[in-house]
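Have a look at the structure below, then the notes.
The values are calculated or read from the model by the stated rules, or taken from the named source; none is laboratory data. What you are looking at is a predicted structure, and each value in this text was computed from that prediction instead of being measured. Positions of Cβ are backbone-derived with ideal geometry, glycine not excepted, and every protein chain shown enters the neighbour counts. These accessible areas exclude ligands, DNA and RNA; they are computed on the full protein's heavy atoms, side chains included. Shrake-Rupley method; radii C 1.70, N 1.55, O 1.52, S 1.80 Å.
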Number of protein chains: 6
Amino acid sequence: MTTVYFGSGWLSDKQNQAHRDAMQAIETSPAIDDRLHSYVPLEHQYKDIRVDQHPEYAQDTEWSSATFNGDLVGIKTTDITLGVYIPEEEDVGLGVEIGYAHNLGKYVLLVIPDEDYGKPINLMSWGFADNVIKMSALKSFDFDQLTYDYYAGSVY
Amino acid sequence: MTTVYFGSGWLSDKQNQAHRDAMQAIETSPAIDDRLHSYVPLEHQYKDIRVDQHPEYAQDTEWSSATFNGDLVGIKTTDITLGVYIPEEEDVGLGVEIGYAHNLGKYVLLVIPDEDYGKPINLMSWGFADNVIKMSALKSFDFDQLTYDYYAGSVY
Amino acid sequence: MTTVYFGSGWLSDKQNQAHRDAMQAIETSPAIDDRLHSYVPLEHQYKDIRVDQHPEYAQDTEWSSATFNGDLVGIKTTDITLGVYIPEEEDVGLGVEIGYAHNLGKYVLLVIPDEDYGKPINLMSWGFADNVIKMSALKSFDFDQLTYDYYAGSVY
Amino acid sequence: MTTVYFGSGWLSDKQNQAHRDAMQAIETSPAIDDRLHSYVPLEHQYKDIRVDQHPEYAQDTEWSSATFNGDLVGIKTTDITLGVYIPEEEDVGLGVEIGYAHNLGKYVLLVIPDEDYGKPINLMSWGFADNVIKMSALKSFDFDQLTYDYYAGSVY
Amino acid sequence: MTTVYFGSGWLSDKQNQAHRDAMQAIETSPAIDDRLHSYVPLEHQYKDIRVDQHPEYAQDTEWSSATFNGDLVGIKTTDITLGVYIPEEEDVGLGVEIGYAHNLGKYVLLVIPDEDYGKPINLMSWGFADNVIKMSALKSFDFDQLTYDYYAGSVY
Amino acid sequence: MTTVYFGSGWLSDKQNQAHRDAMQAIETSPAIDDRLHSYVPLEHQYKDIRVDQHPEYAQDTEWSSATFNGDLVGIKTTDITLGVYIPEEEDVGLGVEIGYAHNLGKYVLLVIPDEDYGKPINLMSWGFADNVIKMSALKSFDFDQLTYDYYAGSVY
């Protein structure tokens, strides 16, 4: 049973929509025990405090360190780092997660909304991605037989 | 003698200006043998082809793999990964480099233009940064006695 | 199903008691297939020779290397490195295991006897611990949803 | 349920025979969900092209990079790197896989045909092997209780 | 020019004496640029606050995280992790540093006071030590030609 | 000043000749402090015993572990892992070193005798090589500006 770390942004409507789409696809995947063994960072903010709603925590090193370390726990304790990846709204935080996950030997899967698939993505994300698929392909993605493939799109 | 990998964007005027400022500061640093032993990605594009000037290479896996691997060589063969970091124009590629550099045990130094210092940066970049300084402090930064410190600004 | 490496000392009565308490708690944990998939170093001494009972092996590099490598196998092939941690009897060997486990991306869980919880622990153990809990909380610890938290005690 | 990466050569009759023997042994092992969760490199050549049958791909960096990265995916996403190891036909590719797998914290198991067991093997393979067993012992090898042991043979 | 991270305890007179002896030996070593490029943790406590003198910081996560990360910077940015190692006063913090340093590929050198050399040390420290020497041998230790050797003493 | 680990075989005349050629080229390289800071495994066999001359050590775990760990010290404490690589006599031990060196973030340079350059090499060696050059190019190879490039030859 494969487990998944969900790396995705939550700063725009498009990011939130893509996040929901990916969550839904994963929920129907037979190989993923989705609610029990996966890690969604927003569900693990330290003390359940979201800094976007409580800006007074934005300079609190206790909150910052704990939430940051929580995300690392998510990557460390799951098999796959799944990045919900939007070419024109690339997220530096997801970038950090990709570089970190790669070096721990995690499988890095980028999922791009269908309408954006093919658009240029950053070369560094491209290089550590083990596979880059369309959102609509996530539902039937074979998590039991993970393989390598290139992004069928361009880089910049 | 310390060597530096230069991670920075080149997609906006601001990024280019910050890159030049950082290069200049490094050139005057007594601890850095700057031209000889540092690595600036744009000087190492495969076959000296810049994809922004030759968009036909944007889907060429040979060019992409080589340029990507060249950047990894830069990080691997230098002591410090210096990220020229602009809070409101954060770069996903630099994010990947930060995550990768951290796991290899490189010292990660983020340099922020003075006028942007203090603005919120992504939590994941914050977490792997060993130090986050102002551009004006780079010139006299003590590369011989590397230390850890927090960003004197906020995260999001 | 989560698997656990058991790092603990066996040099004092207190260490042995804490070890037994932790083993018992793990045995009742629904998420841990305890006897089958966990690794208890004392059960894997090379050739079943315990050096405390056979001091003639204390300078035998064959025995030492094999037993040492066996412990690394235990850490490598399990999901969690659980350290039975006694503040006033900290064990250097457990320290080595914590540092090693962290770098392989293992979740590091320290378990402290209830009566000692809160006492100062070494800063380096503190820094790599993903969570530090009371012995009495181990039984119901949620191994399916691993999270990060600070030690509710002090460091030295 | 343990998963296995199959590292083995396919350049001689002996290598092919040993590969088939190992596959067969694994298929009957109760601890291995062999067809579903294991990775056999030859089944994952990029675009299903085998370079020995299509020598025109021998200088194609797209094919080479993808097939190479596919092998790394195999090692990363499985628990054990099993090397079918023939002392007098040692394979440099398997050597690379052993070194890589070790550093990611994978358990490295070398399996040697019974008639060759005991013959000298390279010191570097010896050093990263967590266990070296006879082909006939693979069938009943306890994948649920992985342990360390030396090669009962010599090195060169 | 080799650089050194100084891992040592400061909790007993014996530890402090051994620390001073090692510092002195290093200062006279021609291969070590000792004051400029080495890292002594006690000189890098966050905000120059020593928690033994300011116990009110013992539960301050900001101070703890920064000091802990400072020690990691010390290990990351130097070539050798030198542990001043006292067999009967083994330090869990040094243990963590040894495990961490090993995995980053640092050379781990343990230095034991002459009068304690030969006494049993913990098996896990033994296993990651690249060399274990007497204090009196440190002065003339060849830092330019680092080699591997066993501890000429016993383990427990 | 760059330091080099010399990975090469010594089992055939061709390997020995190539090794000598590479050593000679390195000795004249201005960027390499060759005798002082490089590591040649054959010069570091444990107790100066070569197992090819003393076959009674071929099953001695003390000798084997120490010599193996010595080679790892060589890779860890140098900047570049240089493999003297002979396409038709590929060495499994060098393979292990390449995989290990890659994961520690070392620059992997393969040097092939001129008359063999272009011949097929194993895909796994190809994949971790940062550069693959002709023996005649080693003398003037720019060790101060390490770059990535493909093998101008084929793989199998």
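Would you work out what percent of the accessible area of the protein assembly as shown, with all protein chains in place, is carbon or sulfur (probe 1.4 Å)?
45 percent
Efficiency by 1/(1 + (r/R0)^6): what FRET value for E:GLN24 and C:GLU27, r their Cβ-Cβ distance, R0 = 45 Å, to the nearest 0.05?
About 0.30, to the nearest 0.05.
Hey, can you find the accessible area per residue of region B:30-156 for me, probe 1.4 Å, expressed in square angstrom?
34 Å²
To test your reading of the geometry: what angle, between 0 and 90 degrees and rounded to tens, separates the Cα axis of helix D:92-103 from the longest principal axis of chain D?
Once rounded, the angle reads 70 degrees.
Round to the nearest 10 and give me the degree value, 0 to 90, for the angle of helix A:61-76's Cα axis relative to the longest principal axis of chain A.
30 degrees
What's the angle, to the nearest 10 degrees (0 to 90), between helix F:13-27's Cα axis and the longest principal axis of chain F?
Once rounded, one gets 70 degrees.
Read phi for every residue in region A:130-139 and hand back ³J(HN,Hα) as whole Hz from Karplus 6.51 cos²θ - 1.76 cosθ + 1.60, θ = phi - 60°, with x for Gly and Pro.
Each residue's phi maps through the Karplus curve to give 7, 6, 9, 10, 7, 3, 5, 8, 5, 3 Hz.
Which whole-angstrom value gives the distance between the alpha carbon centres of region A:19-81 and region A:84-134?
What the calculation gives is 17 Å, centre to centre.
Find, among the residues of chain C, the one whose Cβ sits nearest the axis of the rotation taking C to F; state the distance in whole Å.
Per the C/F rotation axis, the closest residue of C reads C:SER65, 3.
Under unit Cβ charges (Lys, Arg +1; Asp, Glu -1), what dipole magnitude, rounded to 20 debye, does the protein assembly as shown have relative to its Cα centre?
Charge dipole, the protein assembly as shown, about its Cα centre: 0 debye, nearest 20.
Could you name every residue in region B:46-67 that has 40 Å² or more less accessible surface in the full protein assembly than in its own chain alone (probe 1.4 Å, ligands and nucleic acids excluded)?
Listed by number, the residues meeting the 40 Å² cut-off are B:TYR46, B:ALA58, B:GLN59, B:THR61, B:GLU62, B:SER64, B:SER65.
Please compute how much accessible surface disappears when C pairs with E, both sides summed, using a 1.4 Å probe, and round it to the nearest 100 Å².
3100 Å²
Determine the alpha carbon to alpha carbon distance for each of C:LYS14/C:LYS134; A:LYS76/D:LYS106; A:LYS119/B:LYS119 and list only those over 22 Å.
With Cα atoms farther than 22 Å apart: A:LYS119/B:LYS119.
Relative contact order for chain F using alpha-carbon pairs under 8 Å, separation at least 6, rounded to a whole percent?
RCO, chain F: 26 percent.
Mind checking Rg over Rh on region F:4-138, alpha carbons, Kirkwood formula for Rh?
Ratio value, two decimals: 0.95.
Simple spin-label model, 7 Å along Cα-to-Cβ: E:GLU43 to E:GLN145 in nm?
Going by the 7 Å Cα→Cβ label model, 3.0 nm.
With r as the distance between the Cβ atoms of F:GLU62 and C:ASN16 and R0 = 22 Å, compute the FRET efficiency 1/(1 + (r/R0)^6) and round to 0.05.
0.10
Reachable aspartates and glutamates from E:LYS47, Cα under 16 Å, same-chain residues fewer than 8 places away excluded?
Here the aspartates and glutamates satisfying the reach criterion relative to E:LYS47 are B:ASP130, B:ASP149, E:GLU56, E:ASP60, E:GLU62, E:ASP71.
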